[in-house]
Amino acid sequence: MIASFLTPPLLLCAGLAYLVGSIPFGLLISHLGGAGDIRKIGSGNIGATNVLRTGRKGLAAATLLLDAFKGALAVLMVRLLLDADLQTGMAIAGISVVIGHCFPVWLGFRGGKGVATGLGVLFALCWPVGIACCIVWLAVAKLSHISSAGALAAFAVAPFLMPPLSEQPVHSPLPIATLLLTLIILLRHTSNIKRLLLGRESRINIDPPPQKKREI
């Protein structure tokens, strides 16, 4: 069974997806935007949440969108590379692109936590699941002002949403890939989970600034 995943086309999909995922958009955008080396700020993470800690919401939004885009791109490009085993290829690409983001070879295998890239993957695998998980993420983050809580909640529900919304049995490639993505996200957030349990997780300000009243 393992040999079926080692065919040259599937290995090509995995390799290309990893390379796409390893592009450190957060680091590049922060440098280009004048925010400096994001690895020396806040948590040291290269993801959008840490970019947001610089106070540059535009840079954070760009990082979020590009990280999600590369997740979706890695899955969708499989359609151009494979004629057979399409769902298996999409599943492998989805896992590989998140691994590339979390462990980029260019940065000594020290990357992000895979949330935005993982959401992009979910959109490409099954867009209703992607939308539902984004809603959960934003709602929990809005209520708690804790980005990691929203991310963990979104990926906690993803494995339960994928089978019915994709109309695939739980043992098929897409639900299995979703479960593996959730496990990767949970492992990458081990320290966040510990801080959440202790009530020490850092908060973010996502509310719009209050409008100043005009003097009459």
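Nothing in this text is a laboratory measurement; each read-out follows from the coordinates by a stated rule. The shown structure was predicted, so the numbers you read here are calculated from the model rather than taken from an experiment. All Cβ positions, even for glycine, are placed from backbone atoms using ideal geometry, and neighbour counts span all protein chains on display.
Within the chain, how many Lys pairs that are eight or more residues apart, or on different chains, come under 23 Å at the alpha-carbon?
Count of close lysine pairs: 12.
What net charge is computed for the residues neighbouring residue 35, neighbours being all others with C-beta under 13 Å from the C-beta of residue 35, Lys and Arg scored +1, Asp and Glu -1?
Working: positive: 39, 40, 53, 56, 57; negative: 37.
Within the 13 Å Cβ shell, the charges total +4.
If each residue of separation counts as 0.36 nm, what is the full-extension length gain between residue 31 and residue 76 once their alpha-carbon separation is subtracted? List each step's numbers first, then the result.
Details: separation 45, 0.36 × 45 = 16.20 nm, distance 2.87 nm.
So the chain would gain 13.3 nm between residue 31 and residue 76.
Summing +1 for each Lys or Arg and -1 for each Asp or Glu, what net charge is found among the other residues whose Cβ lies under 12 Å from the Cβ of residue 124?
On the way: positive: 70, 79; negative: none.
After counting each charged neighbour, the total is +2.
Give me the Kirkwood hydrodynamic radius of the chain in Å, from all C-alpha pairs, to one decimal place?
For the chain, the Kirkwood estimate is 17.7 Å.
Which whole-Hz couplings ³J(HN,Hα) result when phi for each residue of region 15-20 is put into the Karplus expression 6.51 cos²θ - 1.76 cosθ + 1.60, θ = phi - 60°, listed in order with x for Gly and Pro?
x, 5, 5, 4, 5, 4
HN-Hα J couplings of region 147-157 from phi, Karplus 6.51/-1.76/1.60, θ = phi - 60°, integer Hz, Gly and Pro as x?
Ordered by residue, 3J(HN,Hα) equals 4, 5, 5, x, 5, 5, 5, 4, 7, 5, 8 Hz.
Only Cα pairs within less than 10 Å get springs; with that Gaussian network setup on the chain, which residue of 154, 61, 48 has the largest fluctuation?
61
Would you work out the relative contact order for region 8-160, in percent, from Cα pairs under 8 angstrom that are 6 or more residues apart?
RCO, region 8-160: 24 percent.
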